[in-house]
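The values are calculated or read from the model by the stated rules, or taken from the named source; none is laboratory data. Just so it is clear, the model here is predicted, and its values are computed rather than measured. Ideal geometry is used to build each Cβ from the backbone, glycine not excepted, and the neighbour counts take in all protein chains shown.
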């Protein structure tokens, strides 16, 4: 009895190990993204982000070449976002979404960006999902890194 | 401790010695003329409001002589009319209001940044508009006036960038805090337009710490004050504040220590400055410093360094081009008292009334921009 139990235990353990090996062999490669992140990957992710920050910075500061390249007209008055918001001050991305008095509606940061483009800058409103909007958003959030989230704050 | 913190601590240690304060004779006000407007009836309210001297004035007087007023306008940032008439309209309004002051101001000081990009047509447009103020006018330059042609056109139009005159017992001094920027353009082979572009970007990182008085001008200042009674009022006009508020935006002069050294013996020094586009008040040693509004647009307060003595201006409506901007009158009384009045268009209250009124109630942590340091783009 004892030998039989030992044999069964051995076989079940062996089959479990075999199954695990099979999982590792066949399923494993498909789940390679679960490996710890590599420094190269981190750099690639960061570079992708910072490229958007850089483009957003240029758009925010009224760089004509970047605006043209991205197909947007953010201003027709010579005004750029940064003229009222140096270093993105007073944009308060951490307070959105919130009721925005100028628009008399519950608004996102993207709504507010478009309001500034249309009103003070007298430019052309941009698609909220466009590359230019994402870049502007990336720059504004990046520049406010460390500010405390206070959604809804006036 | 950050570099900025270290310098701030040094500034406090050097300047805020026990007992070192300017003479307390200063008031900041925003008189409201609404009741007078009402006397004229609703139909004329708009006209009255537009023409009544709702001015940022500073009245300066010396005991022995008559009280008087003068007016300050600055930071009009004129673009050519073809591009943007909004700033032109506001400049015209300010100049008309100065001219309508009753009793009239003895003179108008224009505190710099007449133009936006230093163009000849922008500067000439400014001269044209300012002609409507028939009183005496004096000028100091701003960086926006200077860095397209390094002050050539400005000099042709307005003469020397620093000067002094005595008026009814007060010594007035105009300083040039903009023309002594370290050369950031030659090595990089910038065009004049590129040089101007970097200078015109408040949060740019390329032009660096450009604001300064310079050794030569400090020596001139010392000489100019040498024969002046140390207890009589001195008013110094400068584009940038003569202390350190926020260097990344050149809300300072880099040689504030030397400026303070020169001014230390004088007990009634008032520095009136532009550039910040906001209400500011500070005391540094025996000098007080008062920030003036722009006519063009208001800047937010810097994320740190706002002087504790400043009662902040009210948070403004970005949808109203006339909000948060205007000009100032100064009264000089017979008791050496200086009183400044902020004429902020469209506001009865210039100063914050509650936390919610203040942009400072929402703290920000901000990073400097990056894209302009990757030259060329």
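Below is a table of values for the structure above.
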{"read-out": "Count of segment B:303-352 residues which are surrounded by fewer than 24 Cβ atoms within 10 Å (Cβ to Cβ) and within 14 Å of chain A (Cβ to nearest Cβ)", "value": "16"}
{"read-out": "Residue A:23 at pLDDT below 95, assigned to a helix (DSSP H, G or I) and surrounded by fewer than 20 Cβ atoms within 10 Å (Cβ to Cβ)", "value": "yes"}
{"read-out": "Exclusive hit being within 8 Å of another protein chain (Cβ to nearest Cβ) and either in a loop (DSSP other than H, G, I, E, B) or under 23 Å from residue B:316 (Cβ atoms) (or both), set A:78, A:71", "value": "A:78"}
{"read-out": "Meets criteria (under 17 Å from the mean Cα position of the chain (by Cα), surrounded by fewer than 19 Cβ atoms within 10 Å (Cβ to Cβ) and either within 26 Å of residue B:242 (Cβ to Cβ) or within 14 Å of another protein chain (Cβ to nearest Cβ) (or both)) for residue B:163", "value": "yes"}
{"read-out": "Positions within segment A:100-133 being surrounded by fewer than 19 Cβ atoms within 10 Å (Cβ to Cβ), more than 12 Å from chain B (Cβ to nearest Cβ) and in a helix (DSSP H, G or I), in sequence order", "value": "A:111, A:131"}
{"read-out": "Residues that are away from chain A (no Cβ under 14 Å) and either touching a helix residue (DSSP H, G or I) at 6+ places or on another chain (Cβ under 6 Å) or modelled with pLDDT of 55 or more (or both), drawn from segment B:59-84", "value": "B:65, B:66, B:67, B:68, B:69, B:70, B:71, B:72, B:73, B:74"}
{"read-out": "Criterion: assigned by TED's automatic domain parsing to the domain that holds residue A:140, free of Cβ contacts under 8 Å to residues at least 60 places away in the same chain and surrounded by fewer than 16 Cβ atoms within 10 Å (Cβ to Cβ) - qualifying residue of A:47, A:90", "value": "A:47"}
{"read-out": "Residue match in segment B:331-353 (condition: touching a helix residue (DSSP H, G or I) at 6+ places or on another chain (Cβ under 6 Å), within 17 Å of residue A:101 (Cβ to Cβ) and free of Cβ contacts under 8 Å to residues at least 60 places away in the same chain)", "value": "no"}
{"read-out": "Residues of segment A:139-154 classified as more than 8 Å from chain B (Cβ to nearest Cβ) and under 20 Å from residue B:317 (Cβ atoms), total", "value": "1"}
{"read-out": "Total residues in segment B:177-207, condition away from chain A (no Cβ under 14 Å) and under 27 Å from residue B:163 (Cβ atoms)", "value": "9"}
{"read-out": "Test: residue in segment B:232-243 that is closer than 18 Å to residue B:179 by Cα and within 14 Å of chain A (Cβ to nearest Cβ)", "value": "no"}
{"read-out": "Strands (runs of 3 or more DSSP E) completely within segment B:225-313 that count 2 or more residues being closer than 25 Å to residue B:346 by Cα and in contact with a strand residue (DSSP E or B) (Cβ under 9 Å, 6 or more places away or on another chain)", "value": "B:269-273, B:280-284, B:287-291"}
{"read-out": "Boolean, residue A:136 is assigned to a helix (DSSP H, G or I), in contact with a helix residue (DSSP H, G or I) (Cβ under 9 Å, 6 or more places away or on another chain) and within 7 Å of another protein chain (Cβ to nearest Cβ)", "value": "no"}
{"read-out": "Residue match in segment B:332-348 (condition: at pLDDT 90 or above and in a loop (DSSP other than H, G, I, E, B))", "value": "yes"}
{"read-out": "Residue check for residue B:329: within 28 Å of residue B:229 (Cβ to Cβ), modelled with pLDDT of 95 or more and outside any loop (DSSP other than H, G, I, E, B)", "value": "yes"}
{"read-out": "Qualifying position, being surrounded by fewer than 22 Cβ atoms within 10 Å (Cβ to Cβ), out of contact with any strand residue (DSSP E or B) (no Cβ under 7 Å at 6 or more places or on another chain) and in a loop (DSSP other than H, G, I, E, B), among B:183, B:219", "value": "B:183"}
{"read-out": "Pair list, Cβ < 7 Å and 6+ apart or interchain, from segment A:102-126 residues that are closer than 16 Å to residue B:84 by Cα to residues that are at pLDDT below 95 and surrounded by fewer than 14 Cβ atoms within 10 Å (Cβ to Cβ)", "value": "A:119/B:319"}
{"read-out": "Selection count where residues are crowded, with 23+ Cβ neighbours inside 10 Å, in contact with a strand residue (DSSP E or B) (Cβ under 8 Å, 6 or more places away or on another chain) and within 14 Å of another protein chain (Cβ to nearest Cβ), scope segment B:85-119", "value": "3"}
